[in-house]
1. Across region 111-128, what is the number of residues that are of a type in the set (S, T, N, Q) and under 17 Å from residue 148 (Cβ atoms)?
2. With respect to residue 78, is the statement that it is among the aliphatic types (A, V, I, L, M) and open to solvent by 50 Å² or more (accessible area, probe 1.4 Å) true?
3. Only one of these is at pLDDT 85 or above, open to solvent by 20 Å² or more (accessible area, probe 1.4 Å) and basic (Lys, Arg): 60, 85, 47. Name it.
4. Mind listing just one residue for me: the one in region 6-29 that is more than 16 Å from residue 54 (Cα to Cα) and of a type in the set (Asp, Glu) and, of those, most open to solvent (accessible area, probe 1.4 Å)?
5. Looking at (1) touching a residue at least 60 places away in the same chain (Cβ under 8 Å); (2) open to solvent by 80 Å² or more (accessible area, probe 1.4 Å), find the lone condition where residue 116 falls short.
6. Hey, among 155, 126, which residue is modelled with pLDDT of 95 or more, under 19 Å from residue 177 (Cβ atoms) and aliphatic (A, V, I, L, M)?
7. Could you check region 163-193 and list, in sequence order, the residues that are surrounded by 13 or more Cβ atoms within 10 Å (Cβ to Cβ) and within 18 Å of residue 27 (Cα to Cα)?
8. Can we say residue 65 is at pLDDT 85 or above and open to solvent by 30 Å² or more (accessible area, probe 1.4 Å)?
Amino acid sequence: EFTKRQTGTSEGEAYTPYELRNVGAFIQLGRRDRALALLDQIVGDQRPPGWNEWAEVSWRDPAAPRFIGDMPHTWVGAEFIRSARSLFAFERESDRALVLAAGFPATWVTKEPGVTVKRLPTYYGVLNMSMHAEGTDAVRVKIGGDLSMPPGKIVVTSPLERPIRAAVVNGSPVDTFTDAALVVGAVPADILLSY
């Protein structure tokens, strides 16, 4: 239904912005593209414009005199916060890893000053992180804070669509990476991903 709304082929007149919960689900499924497209669409449906809130029901015609439910709808707002947090970090239950940056669009990292996260609570403590491009073929990531190492370690997801070719952690080359992510087993960590 989301795709039909995107392409203008939906026959539905309305939807509920509870669909924000799917943003976090898409991120955890590794579908950053779909997560960000859905987030953009639902953020664009905030009513009235400039109020930064959602009604319980979003109509295709925002001027239609129809039932909108509670406004602001805090359940929808809570789903937004939960899903927005997933862009930065989420705890992967299957292996008890802390996954970072899985929802970062490349532009967040390639445009100055990059991304900085301060004092984000996680299951494993408080996370501080920064990520920014160094030229066209490298991304610098710094991880710190008051973190205990998760049993499944820390997974840093690449914000770029190109494969990672090399990684250096705290000055030493490592081979704990795939095309799309790096596994880190110690914090603090100063990481250089090369493409």
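The values are calculated or read from the model by the stated rules, or taken from the named source; none is laboratory data. Bear in mind that the values here come from a model prediction, so they are computed numbers and not experimental data. Heads up, the Cβs are rebuilt from the backbone with ideal geometry, glycines too, and the neighbour counts pull from every protein chain shown. Heads up: the accessible areas ignore ligands, DNA and RNA and are worked out on the full protein's heavy atoms, side chains in. Shrake-Rupley method; radii C 1.70, N 1.55, O 1.52, S 1.80 Å.
1. Total satisfying the criteria: 2.
2. So residue 78 passes the test.
3. 85
4. Among them, the one singled out is 11.
5. (1)
6. 155
7. Residues satisfying the conditions are 180, 181, 182, 183.
8. Numbers: at pLDDT 85 or above: yes; open to solvent by 30 Å² or more (accessible area, probe 1.4 Å): yes.
Yes: the conditions hold for residue 65.
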